[in-house]
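The values are calculated or read from the model by the stated rules, or taken from the named source; none is laboratory data. Computed from a predicted model, the values in this text were never measured in an experiment. Here the Cβ positions follow ideal geometry from the backbone for every residue, glycine too, while neighbour counts run over all protein chains shown.
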Amino acid sequence: MAMDSAQHRLFSEDGVTVEPVILVRGLRTAFGDHVVHENLDLIVFPGEIMVLVGGSGSGKTVLLRQIIGLAQPAAGTVRVLGQSLPDLTPAERRRLSRRWGMLFQAGALFSALSVFDNIALPLRELRTVPEDMVRDVVMCRLAMVGLSARDADKMPSDLSGGMIKRVALARALSLDPELLFLDEPTAGLDPLRSDEFVELVRSLHRQLRFTVVMVTHDLDTLIALASRVAVLADKRVVVCDTLPEVLKFEHPFINTFFLGERGRRALGDLAPKGLHNGKP
Ligand SMILES: Nc1ncnc2c1ncn2[C@@H]1O[C@H](COP(=O)(O)OP(=O)(O)OP(=O)(O)O)[C@@H](O)[C@H]1O
Ligand SMILES: [Mg+2]
């Protein structure tokens, strides 16, 4: 692929133009003296499931927040869905933000709102959707994530962890997004619920063809879903490629994360042979 930096487009070998869904260039993030990102680049293509991994505190959540304009980088550029947020008016930003959905790592649901009202929130914020249509969309989204109409009146405190993730996913899908952000969607779920959630995301992705950016520490989730993997370490994306290529990349984080005991068990046949913990 060749990059045309003026046009923010990429050309594949057969000359087809691909506009990235997300294009981050030279991003810097600092909180006081604490530099979180330095010269970070990331490209996400339409329809892929990009999985972002990195140590705790490496800046994965902050990066997602910057991509969707909830936080501003100290330097660098972020283009999402072909637009640069700082160039837009507040009304244009609002319109653009309706084209993505986000499942947040913490506080996935509003605890004072019922399941119904949580899922309805993004639709009601539009102020243009009649209430009977809101009801239809909410019921449709509940069904999409495998919940029933009976769950609509429940409060978040009455739900299991797996159900909360499903409701949060239903809310992220409420405006039929082209781009879905999932920050640790399976954290805290038991292996069975986690597998169910992965299967749900896989089948929705197959049907709806949206682009996904997902942060996860869970190797089984990563292996099941990732089109490509971006590794955040040393304040930047050190490698971004398919999983087999990432596994060939020499980096202490990759050795620990993928090639320790736990990683090898999850990787099975994917684990490179003749290596243990990155050493021959
Ligand atoms: N608003 C803020 N003010 C000051 N520091 C912040 C702020 N937001 C994040 N940080 C710091 O930035 C760093 C990156 O945080 P972030 O939440 O992105 O990490 P993460 O990679 O998502 O970690 P985890 O895997 O634990 O979720 C952390 O050191 C965090 O303390
Ligand atoms: Mg985080």
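Listing for the model above:
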{"read-out": "Output for segment 35-75, where each listed residue is within 9 Å of ligand 1 (Cβ to nearest atom), of a type in the set (G, A, S) and within 22 Å of S97 (Cβ to Cβ)", "value": "G59, A71"}
{"read-out": "Any hit, segment 36-44, residues being outside any strand (DSSP E or B), closer than 22 Å to L180 by Cα and either at pLDDT 95 or above or within 16 Å of ligand 2 (Cβ to nearest atom) (or both)", "value": "no"}
{"read-out": "From the options R193, R124, R171, R141, residue that is over 24 Å from R206 (Cα atoms) and not in a loop (DSSP other than H, G, I, E, B)", "value": "R124"}
{"read-out": "Where a residue in segment 169-186 is more than 19 Å from V44 (Cα to Cα) and its partner, wherever it lies, is surrounded by fewer than 24 Cβ atoms within 10 Å (Cβ to Cβ) and of a type in the set (S, T, N, Q), with Cβ under 6 Å and at least six apart", "value": "T186/S194"}
{"read-out": "Among (1) more than 15 Å from the chain's Cα centre (by Cα); (2) within 14 Å of ligand 2 (Cβ to nearest atom) - the single one L63 does not satisfy", "value": "(1)"}
{"read-out": "Condition check for R94: surrounded by fewer than 18 Cβ atoms within 10 Å (Cβ to Cβ) and either within 16 Å of ligand 2 (Cβ to nearest atom) or of a type outside the set (A, V, I, L, M) (or both)", "value": "yes"}
{"read-out": "The lone exception for D176 - which of (1) outside any helix (DSSP H, G or I); (2) within 16 Å of ligand 2 (Cβ to nearest atom); (3) surrounded by fewer than 19 Cβ atoms within 10 Å (Cβ to Cβ) it fails", "value": "(2)"}
{"read-out": "Any hit, segment 85-97, residues being away from ligand 1 (no atom under 16 Å from the Cβ) and assigned to a loop (DSSP other than H, G, I, E, B)", "value": "yes"}
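For every residue, the table says whether it meets (1) of a type in the set (D, E, K, R); (2) within 20 Å of the chain's Cα centre (by Cα); (3) surrounded by 13 or more Cβ atoms within 10 Å (Cβ to Cβ); (4) within 19 Å of E178 (Cα to Cα).
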position	(1), (2), (3), (4)
Q105	no, yes, yes, no
A108	no, yes, yes, no
A112	no, no, no, no
F116	no, no, yes, no
L123	no, no, yes, yes
R127	yes, no, no, no
M133	no, no, no, no
V137	no, no, yes, yes
